[in-house]
Amino acid sequence: MIEIVQRPAALGSLERGIELLDCLSSQARPMSLTQLSRATGLPKTTTHRLLSVLERRGLIRRSGGDYVLVGRRMPFSRRLVLPHLVRLYEATRQTVNLAVLRGIEAHYVERIYGENRVRSRSDGIDRAPLHCTAVGKVLLAFSVDLRGAAFRGPLQRMTGRTIIRPDLLDQELKTVRRDGVAYSREEFVDGVVCAAAPLFGPDGEVRMAIGVAAPAAGVPLGKLGGAVRHAADQMALALLKSR
């Protein structure tokens, strides 16, 4: 049995929020509340509420009375991404995560799992630190500006295996950039390992991290790493064809 992990109310809000972001990303100019409401089919009150949340999160900004994306266009839609996540689950039978960067944390926007789901500290809050998770290391490794911010303060120890020395973490991030895959070896949760790979936008910057979490005594990490790299490659190809 495959389940998409989102609380029912949060799932609806997530999908609608992504629809608004996709709509804004497809336009070369700002859009008004009325235009966004018409384009997405959402009521104006719902559209306004979601836009307010997205604005507070720093994903969009006001331009006069209209709305625009902050920074770059989002290069994906849930319709394109989700089938590849399902295939990754079918290939590994382990918990699949899709994460994006929000501030200095990894935020999980999709999760797929079956009856053998692994439990995590991020359950229920859908966010996690960067330095001790595989998806976080991916986002950190390929975000040059963010690495400096991450190394300014002390790194929180989550388990006995968490890397808390900045020099050791920096060394690991170099390996991630070289190999294109990151690993967490019981560094966030005891008994849980994870592999993750990056998905880049057309500008060459990392946009998402695709991860697989599994019991430490389960599937070999190298096999998980190969699976997520393949999924990321296939997803990137699908997104390129959709443009």
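The values are calculated or read from the model by the stated rules, or taken from the named source; none is laboratory data. All figures in this text were calculated on a predicted structure; none of them were measured in a lab. Cβ sites come from the backbone with ideal geometry, for glycine too, and all protein chains shown count toward neighbours. Surface accessibility is based on the protein's heavy atoms, side chains included, excluding ligands, DNA and RNA. Shrake-Rupley method; radii C 1.70, N 1.55, O 1.52, S 1.80 Å.
Which count do you get for residues in region 202-225 that are open to solvent by 10 Å² or more (accessible area, probe 1.4 Å) and outside any strand (DSSP E or B)?
Final tally of qualifying residues: 12.
Pick from 103, 114, 160: which is among the small types (Gly, Ala, Ser) and within 16 Å of the chain's Cα centre (by Cα)?
103 is the lone residue from the list that is among the small types (Gly, Ala, Ser) and within 16 Å of the chain's Cα centre (by Cα).
Return the only residue of 90, 105, 115 being modelled with pLDDT of 90 or more and either on the phi > 0 side of the Ramachandran plot or open to solvent by 30 Å² or more (accessible area, probe 1.4 Å) (or both).
90
Which pairs do you get when a residue that is under 14 Å from residue 230 (Cα atoms), found in region 81-94, comes within reach of a residue that is open to solvent by less than 40 Å² (accessible area, probe 1.4 Å) and part of a helix (DSSP H, G or I), reach meaning Cβ atoms under 6 angstrom, with the pair 6+ apart or on two chains?
What qualifies is 84/231; 84/235; 88/231; 91/227; 92/227.
Run residue 168 past the list (1) farther than 19 Å from residue 199 by Cα; (2) at pLDDT below 75; (3) in a helix (DSSP H, G or I) and report the number of the one that doesn't hold.
That leaves (2) as the condition not met.
Within region 50-86, which residues are modelled with pLDDT under 70 and farther than 14 Å from residue 19 by Cα?
57, 58, 70, 71, 72
May I ask you to list the residues in region 118-138 that are farther than 17 Å from residue 185 by Cα and at pLDDT 80 or above?
Across region 118-138, the qualifying residue is only 127.
For region 29-71, give me the residue count where each residue is of a type in the set (S, T, N, Q) and either part of a strand (DSSP E or B) or more than 27 Å from the chain's Cα centre (by Cα) (or both).
Going through region 29-71 one residue at a time, the tally reaches 5.
As an exercise: evaluate residue 196 against (1) open to solvent by less than 80 Å² (accessible area, probe 1.4 Å); (2) touching a residue at least 12 places away in the same chain (Cβ under 8 Å); (3) not in a strand (DSSP E or B) and give the number of the one condition it does not meet.
Looking at each condition in turn, residue 196 falls short on (3).
Of the residues that sit in region 1-49 and are modelled with pLDDT of 60 or more and acidic (Asp, Glu), which one is surrounded by the fewest Cβ atoms within 10 Å (Cβ to Cβ)?
So the residue we want is 15.
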